[in-house]
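Only one structure is covered here, and it is reproduced in the block below.
The values are calculated or read from the model by the stated rules, or taken from the named source; none is laboratory data. No experiment lies behind these values; they were computed from the predicted model shown. Because the Cβ atoms are built from the backbone with ideal geometry, glycine has one as well, and the counts that use them run over all protein chains shown. The protein model used for the area step is the full one, side chains on, heavy atoms only, and it has no ligands, DNA or RNA in it. Shrake-Rupley method; radii C 1.70, N 1.55, O 1.52, S 1.80 Å.
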Amino acid sequence: MSTAAQSLKARIRSRKLVTALRTDVALERSQLETALGKGDYDFIYLDGQHTPFSEAQLVAFCANAEALGLPVQLRLPHTRDAYLAGRYCDLGPASILVPEVMHEQTVDDAVTFFYYPQQGRRSWGGAARFGIGSQNMDRLAYAAWWNESAVLGIQLESVEGIINAHQLARPGVDMVAFGPNDLDFNIEGHPHFPLRTFEACIRHVAQQMADTDIALGLAIVESAGERERYVDMGITVFQEWAKP
């Protein structure tokens, strides 16, 4: 059985530095292999929120990624799709990121349908699931492996999310990510919110996560110096585009 997802979850929750290759679902296997060869990546990130994709594309891409030894994280198309976390995982991702989370019910839906019983209520089935073909595991063995290995993340992109981060980071959540552009929009719409910068919001959430094993994640950074600055704020999960 591949241990890629299991080791990823462990590293994320222990707050080791990890990096995702952010790429396009339309890449063929040879293109993906070339992109992965240009950096040191721990998983692959696909943006399902702002880019077009079909279920067939997602299945094919995730199969190629697994064959190359890396799990895929998919950002869901919409916050209200949290209850579809299991459905999308049946298509091959080993990790889900729920965008624009503001309410505890969204997190409850994601946790409930991301994990198998008895941790959650995810339905059994799906030939394209990550790791399902690696060994001849029965239902209970695979469910236990998934619950111990798969990575669930939520993305905070509003003042409400920042304020309520500790309540949103419920059991079953492995990482909290930030969306800088939408968060800036939201801060601009709340002129009396005391945290006036993206960086101040990160520091505030980092304080709330200090007594947990939930990691903090961020999208693209432009330079090694910028990355180090965010590491100092508590960010340990990063994304980067493939190097040219």
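The table that follows gives values for the structure above.
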quantity: The range 1-145 - charge dipole about Cα centre, Lys and Arg +1 at Cβ, Asp and Glu -1, debye rounded to 20; calculated: 400 debye
quantity: Cα-based Rg / Dmax (Å) for the range 154-205; calculated: 10.6, 33
quantity: Ellipticity estimate at 222 nm from DSSP helix runs (n ≥ 4, -39,500 (n - 2.57)) divided over the chain, nearest 500; calculated: -11000 deg cm²/dmol
quantity: Chain lengthening between Val59 and Met233 when straightened (0.36 nm per residue, less Cα-Cα); calculated: 59.1 nm
quantity: Highest-fluctuation residue, Leu195, Leu91, Leu152 considered, GNM on the chain with Cα pairs under 10 Å; calculated: Leu195
quantity: Unit charges on C-beta of K, R, D, E only; dipole of the chain, Debye; calculated: 540 debye
quantity: Other-chain or far-sequence residues with amide H under 5 Å of Ala177's (modelled H); calculated: Ile154, Gln155, Leu156, Gly217
quantity: Within the accessible area of the range 143-244 (1.4 Å probe), percent carbon and sulfur; calculated: 55 percent
quantity: 12 Å Cα-Cα reach of Lys9 towards aspartates and glutamates, excluding residues that sit fewer than 8 places from it in its own chain; calculated: Asp42, Glu148, Asp174, Asp213
quantity: Cα-Cα P(r), the range 116-169, percent of pairs per 10 Å interval; calculated: 19, 39, 21, 18, 2
quantity: Linear extension gain, Ala206 paired with Trp124, 0.36 nm per residue minus alpha-carbon span; calculated: 26.0 nm
quantity: Extreme residue, positive dipole direction of the range 1-158, given options Leu27, Ser95, Ile12 (C-beta unit charges); calculated: Ile12
quantity: Per residue accessible area in Å² of the chain, where ligands, DNA and RNA are left out and the probe is 1.4 Å; calculated: 45 Å²
quantity: Those aspartates and glutamates that a straight Cα-Cα span of less than 14 Å connects to Lys38, excepting residues fewer than 8 apart in one chain; calculated: Glu240
quantity: Dimensionless Rg ratio for the range 16-109, taking C-alpha atoms and the 2.2 N^0.38 Å reference; calculated: 1.08
quantity: The chain - Debye-derived log10 I(q)/I(0), Cα point model, q = 0.11, 0.12, 0.16 Å⁻¹; calculated: -0.53, -0.64, -1.16
quantity: Highest-MSF residue in the chain out of Phe193, Phe61, Phe53 [GNM, Cα springs under 10 Å]; calculated: Phe193
quantity: Low-density loop positions, GluC sites (Glu not before Pro), the range 139-222 - DSSP coil, at most 10 other Cβ in 10 Å; calculated: Glu222
quantity: Per-selection Kirkwood Rh - the range 111-216 (Cα, Å, 1 d.p.); calculated: 15.7 Å
